[in-house]
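Just below is one structure, and these are the notes that go with it.
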Amino acid sequence: MSTRKMKLNSSNIKNRMIENAMYIILITMVIVVTILRPKFLSLGNFQNILMNSSVRLIIALGVSGALITRGTDLSAGRIVGVGAVIAGTLLQRPDYAAKFFPNFPDTPVWMILLLAMVVTMLIGLINGLVIAYLHVPPFIATLGMQSIVYGFAQVYTRNEPIGGLKVELTGIATGRVFGIPNLAIIALIVIAFMWFILNMTKFGKYIYAIGGNEVAAEVAGVNVTFTKIRVYALAGLLYGLAGVLMAAKSGGATANYGIGYELEAIAACTIGGVSTAGGVGTIGGIVSGVLIFELLKTALQFLGVTPDLQYVAIGLVIVAAVAIDIRKYLAKK
């Protein structure tokens, strides 16, 4: 083999290792944690990871559309909180002593779920309108919405924790089908739904086209404005679902639900290959990114790492993931 070929192979191996550095590090961590804490690979822990990942995955799938179009959504976590408090205040047990709305009639869970999703979809729609029509940068528009939504949630709940949720709601989170948590099943349905949208519809193709080159997409006949509005409205819809499921999982709700979840979602998407430069990202990558992110947090907990140092580790992972993504983008250019 010539020296030139050896250098090329060495360079390819090096590039592959850098591109997959996050996976290599996390696989190494899993092996180390398993050796030190054998219970880490237990079925119970695996099911917990699945349950914890399910809600975060739905949020990440919502955020991914904004990222692929070269935008972002910093209001995601707060909108999730809105969905949670709507479910919490309207789905309390009829006999609960501290019922938020004492005279509110007993209503089926599915009706409140739809209501929460419609409300959060409208919030996402407003995000899309501000970004697409007023041309406010997504970072600023969604940052402002984050504050607005949080303020309204505090006013709505009077900053009080909500409890006493109906068994029909909490049962969604605690139930299982053939040993598989309901939350995981719901997440799988959302995964299939989003895969179909991104891969089998014109809307999905337009999302990638806008992220790749917005000007070229508009010249090619893509309605960029309408597509962006739909992206953020769809994201809001998913945040509402995630919020209701979060309330079901925890058995209550407060205006603080969902805080910071948007940053985790963005980090998980980036780890999973959704480019911050836009136009790139797959459903499989997003799923793997969320699972890896949750695996990292669980591994740190098993190792006895304190919560404050966990934030440090997670922050380092986010920076590393974005740095690797930028390196890929520059290499392509």
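If amide hydrogens are placed 1.01 Å from N in the peptide plane, which non-local residues have theirs closer than 5 Å to the one on Arg176? Long-range HN contacts for Arg176: Asn182.
Length available on full extension from Thr282 to Val224: 0.36 nm per residue minus the Cα-Cα distance, which gives 18.8 nm. Accessible surface comparison of Lys228, Lys202, probe 1.4 Å, protein chains only, largest first: the order is Lys202, Lys228. Taking 25 °C and 0.890 mPa s as conditions, the range 19-168 diffuses translationally at an estimated 133 µm²/s according to Stokes-Einstein applied to its Kirkwood radius (Cα pairs). Hey, if you drop one equal point scatterer on each alpha-carbon of the range 241-333 and run the Debye formula without solvent, what base-10 log of I(q)/I(0) do you get at q = 0.14, 0.16, 0.22 Å⁻¹? Debye curve over Cα of the range 241-333, log10 I(q)/I(0) at q = 0.14, 0.16, 0.22 Å⁻¹: -0.61, -0.77, -1.16. Note on Met111/Leu134: beta-carbon distance plugged into 1/(1 + (r/R0)^6) with R0 of 45 Å gives a FRET efficiency of 0.85. When the alpha carbon gyration tensor of the chain is reduced to an equivalent ellipsoid, its three semi-axes come out at 35, 27, 16 angstrom, largest first. The phi torsions of the range 137-150, fed into the Karplus equation with coefficients 6.51, -1.76 and 1.60 and a -60° offset, translate into couplings of x, x, 4, 6, 4, 6, 5, x, 5, 4, 5, 4, 5, 4 Hz, rounded to whole numbers, with Gly and Pro shown as x. Choose one answer from Arg70, Arg37, Arg93: the residue with the largest mean-square fluctuation in a GNM of the chain with alpha-carbon springs under 10 Å. Among Arg70, Arg37, Arg93, the largest GNM mean-square fluctuation belongs to Arg37. For the range 251-286, the residues whose backbone nitrogen is under 20 Å from a point 7 Å from the Cα of Asn159, taken along Cα to Cβ, are 253-260.
Rounded to whole numbers, the Karplus 3J(HN,Hα) couplings from phi for the range 159-168 are 6, 10, x, 10, x, x, 6, 5, 4, 4 Hz, using 6.51 cos²θ - 1.76 cosθ + 1.60 with θ = phi - 60°, and x at Gly and Pro.
Compute the signed sum of charges (Lys and Arg +1, Asp and Glu -1) over the other residues within less than 11 Å, Cβ to Cβ, of Gln154.
So the surrounding residues net to +1.
The charge dipole of the chain, taken about the Cα centre with unit charges on the Cβ atoms of Lys, Arg (+1) and Asp, Glu (-1), comes to about 1120 debye, rounded to the nearest 20. Placing a pseudo-label 7 Å from each Cα along the Cα-to-Cβ vector at Val118 and Ala216 gives an inter-label distance of 4.2 nm.
Estimated at the nearest 10 Å², the accessible area of Leu41 is 120 Å² with a 1.4 Å probe.
With the simple spin-label model, which puts each label point 7 Å out from Cα in the Cβ direction, the Leu303 to Thr174 separation comes to 3.4 nm.
Take every pair of alpha-carbon atoms less than 8 Å apart whose residues are at least six positions apart; their mean separation over the length of the chain yields a relative contact order of 32 percent. Here the Karplus relation 6.51 cos²θ - 1.76 cosθ + 1.60, evaluated at θ = phi - 60°, turns the backbone of the range 74-90 into coupling constants of 7, 8, 3, x, 5, 5, 4, x, 5, x, 5, 6, 5, 5, x, 7, 9 Hz, with x for every Gly and Pro.
For the chain, modelled as a GNM whose springs connect Cα atoms under 10 angstrom apart, the maximal fluctuation among Tyr239, Tyr156, Tyr257 occurs at Tyr156. Rolling a 1.4 Å probe over the heavy atoms of the protein chains gives the chain an accessible area of 49 Å² per residue. Here the accessible area is traced with a 1.4 Å probe on the protein chains. For the chain, carbon and sulfur cover 69 percent of it.
The values are calculated or read from the model by the stated rules, or taken from the named source; none is laboratory data. Remember, predicted model here, so these are calculated numbers, not experimental data. Cβ coordinates were reconstructed from backbone atoms using ideal geometry, including for glycine residues, and neighbour counts include every protein chain displayed. Ligands, DNA and RNA are excluded from the accessible area calculation, which covers all protein heavy atoms including side chains. Shrake-Rupley method; radii C 1.70, N 1.55, O 1.52, S 1.80 Å.
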